[in-house]
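For reference, the structure discussed in these notes is given below.
Rule-based calculations on the coordinates, nothing more; no lab input. Just so it is clear, the model here is predicted, and its values are computed rather than measured. Here the Cβ positions follow ideal geometry from the backbone for every residue, glycine too, while neighbour counts run over all protein chains shown.
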Amino acid sequence: MAVISGLTLIAGFVVDARSTAAAYLVAWIAWGAIPIGALVLFMTSYLVRRRWTEQLHPIFVATTGILPVVALTFIPILLFMRDIYPAIAGPATLPPFKAGWFAPWFFVSRAVLYFGIWIALAAWLRRAWRNDEAMVRAASVGSIAWTLTVSLAGIDWVESLEPEFHSSIYGLIYLSFVLTNATAFVIAAGLLSPRRIGPSRGYSGLLLSVLLLWCYLHAMQYIVIWSGNIPKEVAWYLVRSENGWQFVLAALSFGQFVFPFCAMLSARVRSHPRWLLALCGLTLAMRWLESAILILPPAHGLSLARTVVMLLAAALFQGLVLWLAFEAVLERGAAERAIVAAIWPQARVERETRSAGQGQ
């Protein structure tokens with residue numbers, strides 16, 4: 001299936017590069033957000049030591065371990081970036097700073113830098129495991145680096161689709177996008193795994209908190225743009241309020257905030273694993289709607305039929321490739337954890353003894 005969908009994408013790039021590239025970007029933003037967002041959850045589990053630090057660690061390792069594969073699947077976007085990004089295709093109409101910022105070589109260099117930092121952070125977090133001081137150090141430094149790079153990546157990869165539009169909060173909106181997607185995936189993977197990950201009500205609170213953050217950031221952008229009433233900024237909402245996109249936007253608002261928020265007011269829903277798993281699945285589905293809303297409305301000259309077909313092919317291809325990579329890393333990590341688990345108790349006793357001696 002991965003081979004067939006991949007061949008379909010190749011044919012799509014040959015026949016209609018613009019529609020295929022736009023569909024591929026929608027799928028990549030939705031799928032690629034999972035390992036990128038899982039990085040900061042991984043770091044938070046090191047800083048907030050609870051049951052999830054131990055129980056979800058294999059899932060964090062496997063999810064962040066597929067970042068090199070995510071970087072490889074980004075290559076088609078770089079190859080066809082002139083067909084997607086107007087700022088790169090026509091820099092002459094932009095101010096000097098924007099024209100220089102979106103120079104093709106600089107755009108590619110920043111993408112390589114982002115992925116290099118994220119892959120290095122994931123490796124650092126894996127090496128720091130079972131070392132309390134190293135865990136805190138890696139998570140503290142990594143959280144700062146992650147926040148800055150993800151915010152810039154959101155501006156480069158999504159906001160630049162509309163070079164005339166700018167929002168000072170857009171980087172945080174993309175940050176909430178990847179965080180929400182990763183939280184839903186990690187919790188769902190934990191619920192489906194044979195391991196016991198703890199009470200569902202705690203994870204329900206975590207999911208609700210990131211949904212509230214997502215809603216707050218979108219609401220703040222809307223309020224600021226509405227109060228400012230600047231035509232270049234208002235146009236961002238106008239293009240998403242016509243041609244049927246208003247219904248997609250309404251579905252996103254209901255499915256991503258109204259329904260989950262009302263559902264999680266119930267203690268029964270918060271405490272039931274099946275309800276939580278269903279809400280995680282709904283959240284992952286809503287990320288696809290949001291990705292389409294962010295990318296497709298401003299793109300002109302797209303073929304609707306070819307875009308839909310290529311979107312399905314891109315979703316299938318990227319999803320299968322990333323899932324196979326996730327399973328491979330998860331299986332490899334199981335053998336490594338067995339070795340570490342045998343060494344860990346003795347190593348911890350030695351560290352505590354050494355610390356006590358230094359204190360005396």
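Structure values in brief
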| quantity | calculated |
| --- | --- |
| Taking I169, I4 and counting other C-beta atoms within 10 Å, the order from fewest to most | I4, I169 |
| For the chain, calculated [θ]222 nm from helices alone, where every DSSP H run of n ≥ 4 adds -39500 (n - 2.57) | -27000 deg cm²/dmol |
| Segment 1-149, Cα convex hull volume normalised per residue, Å³ | 118 |
| 0 to 90° range, to nearest 10: angle between helix 200-228 axis and the chain longest Cα axis | 30 |
| Cβ-Cβ FRET estimate between A89 and M1, R0 fixed at 45 Å, reported to 0.05 | 0.85 |
| Nitroxide proxy distance, nm - points 7 Å out along Cα→Cβ at L191 and I75 | 3.7 |
| Pairwise FRET efficiency - Q246 versus L304, Cβ, R0 = 22 Å, nearest 0.05 | 0.85 |
| Fully extended contour minus Cα-Cα distance, from S167 to V15, at 0.36 nm per residue | 51.2 nm |
| Projected-area mean, segment 107-197, by convex hull of Cα positions, square nanometres | 7.5 |
| Rh by Kirkwood over Cα pairs, then Stokes-Einstein D for segment 215-275 at 1.002 mPa s and 20 °C, µm²/s | 156 |
| Principal semi-axes in Å for the chain [√(5λ), Cα gyration tensor, largest first] | 36, 23, 21 |
| Coarse-grained scattering of segment 86-241 at q = 0.13, 0.18, 0.21 Å⁻¹, given as base-10 log I(q)/I(0) from a Debye sum over alpha-carbon atoms | -0.81, -1.23, -1.39 |
| GNM flexibility winner over the chain from A235, A305, A21 (Cα, springs under 10 Å) | A305 |
